[in-house]
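One structure is given here, and the rest of the page talks about it.
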Amino acid sequence: QVQLVESGGGLVQAGGSLRLSCAASGRTFSKMGWFRQAPGKEREFVAAIRWSGGSTYYRDSVKGRFSISRDNPKNTVYLQMNSLKPEDTAVYYCAAAVYLGGIYNRNEYDYWGQGTQVTVSS
C-alpha cells in the first residue's frame, strides 16, 4: 500500500522559514513534488525533483526562496521554505509519480498526501 505522509507545516511570521517533509512508503517513484492550494484557488505546482539525477523544478514565485531535496535511503522529500510571504499561505500537498512524464501538471502525479497547512502572518 502506497502512503505519502507529510509533516512540518505550521504558523510562521512573514520572513520566517519552515521545512516540510514527505515520507513515501510502498514503492519507489520517478519523481516527487509539492503542490499547494489556497482557499478558493486551484491547486498549483510549487516544486518537484526527479528521483534519479536529482533535477529540480520550481514555480517562478518561489525560486530563490524554496528548495526541494530528497533522501534516497529514507524515500523522503523535503521542501525548505525561506523568506516566507503571506501569499505562500496554503495547504501544501506532497505528490509522487510512477513515471517521469511531465513535471508541472497535477495530472502527471499518481499519489497524494493528505496535505499540511502553512500559514504565514504579515
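When the Cα convex hull of the range 68-122 is projected onto planes of every orientation, the mean area is 4.7 nm².
What is the diffusion coefficient of the chain in µm²/s, taking the Kirkwood radius over Cα pairs and the Stokes-Einstein relation at 20 °C with a viscosity of 1.002 mPa s? Roughly 151 µm²/s, to the nearest whole number. For the range 95-122, there are no residues whose amide N sits under 11 Å from a probe point set 7 Å from the Cα of Q80 along the beta carbon direction.
With all projection directions averaged, the alpha carbon convex hull of the range 1-57 covers 5.4 nm².
3J(HN,Hα) along the range 41-50: 10, 6, 5, 10, 5, 10, 7, 8, 9, 7 Hz, from the Karplus curve 6.51 cos²θ - 1.76 cosθ + 1.60 with θ = phi - 60°, whole Hz, x for Gly and Pro. Protection proxy ranking of 54-62, 36-44, by the mean of other Cβ atoms within 10 Å over each peptide's residues and highest first, is 54-62, 36-44.
Straight-line cross-link partners of K41 among the lysines, defined as a Cα under 24 Å from its Cα and at least 8 positions apart when in the same chain: K63, K85.
The dipole here belongs to the range 20-122: it is taken about the Cα centre, uses +1 on the Cβ of Lys and Arg and -1 on the Cβ of Asp and Glu, and is about 140 debye. Mind checking which lysines have their Cα closer than 17 Å to the Cα of K31? Skip sequence neighbours fewer than 8 apart in that chain. Cα-Cα hits under 17 Å: K74. Phi-derived couplings, Karplus 6.51 cos²θ - 1.76 cosθ + 1.60 at θ = phi - 60°, listed residue by residue for the range 15-31: x, x, 10, 9, 10, 9, 10, 9, 9, 9, 9, x, 5, 9, 10, 7, 8 Hz, with x used for Gly and Pro. Ligands, DNA and RNA aside, V2 has an accessible area near 40 Å² when probed at 1.4 Å.
Extending 7 Å from Cα along the Cβ direction at S52 and again at S25 yields two label points whose distance is 2.6 nm.
Counting every alpha-carbon pair across the range 38-77, the share separated by more than 10 Å comes to 73%. Counting only heavy atoms of the protein chains and using a 1.4 Å probe, Y111 has close to 80 Å² of accessible surface.
The values are calculated or read from the model by the stated rules, or taken from the named source; none is laboratory data. Quantities reported herein were computed from a predicted structural model and do not represent experimental measurements. As a convention, Cβ positions derive from the backbone with ideal geometry for all residues, glycine included, and neighbour counts pool all protein chains shown. These accessible areas exclude ligands, DNA and RNA; they are computed on the full protein's heavy atoms, side chains included. Shrake-Rupley method; radii C 1.70, N 1.55, O 1.52, S 1.80 Å.
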